[in-house]
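One structure is given here, and the rest of the page talks about it.
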Amino acid sequence: MRENDKDNIIEISFPVKSGDFVAAGDASSKTKQLLKQIGIDPAIIRRASIACYEAEINLVIHSMGGTLVLLITPVEIIIRTEDIGPGIADIDLAMKEGYTTASDSSRELGFGAGMGLPNMQRCADNVEIVSKLGSGTVLTITIKTGA
Amino acid sequence: MSLTLYQVKDILKADIITGDTMLDKTVKAACGADLMSDVLTFVDEKTMLLTGLNNPHVIRTAEMLDVGAIVFVRGKKPGQDIIDMAVERSIVLFTTTLTLYEACGELYKAGLPGKSGQA
């Protein structure tokens, strides 16, 4: 974890391991606690927490590992995941409700229904995905705090 | 319409796993699901979760959504790791021998709505 709060900006990075369903959710849990401590509006915390958890679970299920970065500025919360692969072949298809490439093991845990990305979009003000097959994906979720 | 967790416990003939000092909390709606992806999409705060899924992500999901109470159906009892997580997050856990369908039906009959209805 790395914290940098100069200029009223907080930045924290959490490493997320591929396939580690035991630790999955730790980063989102810490993110939620931090947002509460800062005193962000509870409705916004809820939206940010859901989007963050979906993004973290996606890293665990789909990526070969990566990092979840939380950036809190006076006007917005940015949750960014960066992974080392495998990349998304068709982003439009991935955004469709119900489309998934998740494994049976993730389904047994209650995930992999193809709802993650659409749900992130529902909770966020903006979701941006940049992905290249074979190299990796950067997902950026922005939630305005209205300050 | 809302129910206290005391009422929920009676209606479902449930046992408390943890949280017996928090039974005066109220719930305004309930959601029955094994798919946490669905729960993350549909559930609001003050909603109670009923599930047959028994793993730590049930607690994680509840935490993210500010869900204060979870009912494990068909007599399922979570392991100590899951109970510890619930205690840390002040989430009440129940277990009932009813099936998911029966447990949801009993609560609905008592007046507790689902999320799609205008509660």
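Coordinate-derived values only; no laboratory data. Just so it is clear, the structure is predicted and the values come from calculations on it, not from any experiment. Quick reminder, even Gly has a Cβ in these numbers, built from the backbone with ideal geometry, and neighbours come from all protein chains shown.
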Along the charge dipole of chain A, pointing to its positive end and built from +1/-1 on Cβ of Lys, Arg, Asp and Glu, which listed residue (A:Ile50, A:Phe21, A:Leu34) has its Cα farthest out? A:Leu34
Chain A: most fluctuating residue of A:Ile72, A:Ile91, A:Ile38 per GNM, C-alpha cutoff 10 Å: A:Ile38
For chain A, set up a GNM with springs between Cα atoms under 10 Å and report which of A:Lys32, A:Lys96, A:Lys17 has the largest fluctuation. A:Lys96
Longer than 25 Å from Cα to Cα, which of A:Lys32/B:Lys77; A:Lys36/B:Lys9; A:Lys32/B:Lys46; A:Lys32/A:Lys132; B:Lys13/B:Lys109 are they? Say none if no pair is. A:Lys32/B:Lys77; A:Lys36/B:Lys9; A:Lys32/A:Lys132
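First measure r as the distance between the Cβ atoms of A:Ser135 and B:Lys109, then evaluate 1/(1 + (r/R0)^6) with R0 = 41 Å and state the FRET efficiency to the nearest 0.05.
Working: r = 55 Å, r/R0 = 1.33.
Calculated transfer efficiency: 0.15.
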At 20 °C and 1.002 mPa s, the Stokes-Einstein diffusion coefficient in µm²/s for chain A, with hydrodynamic radius from the Kirkwood sum on alpha carbon pairs, is 140 µm²/s
Kindly state, to the nearest 0.05, the FRET efficiency for B:Ser116 paired with A:Thr67, given R0 = 25 Å and r defined as their beta-carbon distance. 0.10
Spatial extent of the range A:94-147: Rg and Dmax, with the Cα atoms as the point set, Å: 13.2, 42
Bins of 10 Å from zero: percent of alpha-carbon pairs in the protein assembly as shown: 7, 30, 34, 21, 7, 1
Tell me the mean residue ellipticity at 222 nm calculated for chain B from its helices only (DSSP H runs of n ≥ 4, each -39500 (n - 2.57), averaged over every residue, nearest 500). -10500 deg cm²/dmol
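So what's the convex hull volume per residue for the Cα atoms of the range A:18-75, in Å³? Walk me through the numbers before you get to the answer.
Values: hull volume 4.2 nm³, N = 58.
So the per-residue Cα hull volume is 72 Å³.
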FRET efficiency for A:Ile9 and A:Asn126, using Cβ-Cβ distance with R0 set to 25 Å, rounded to 0.05: 0.85
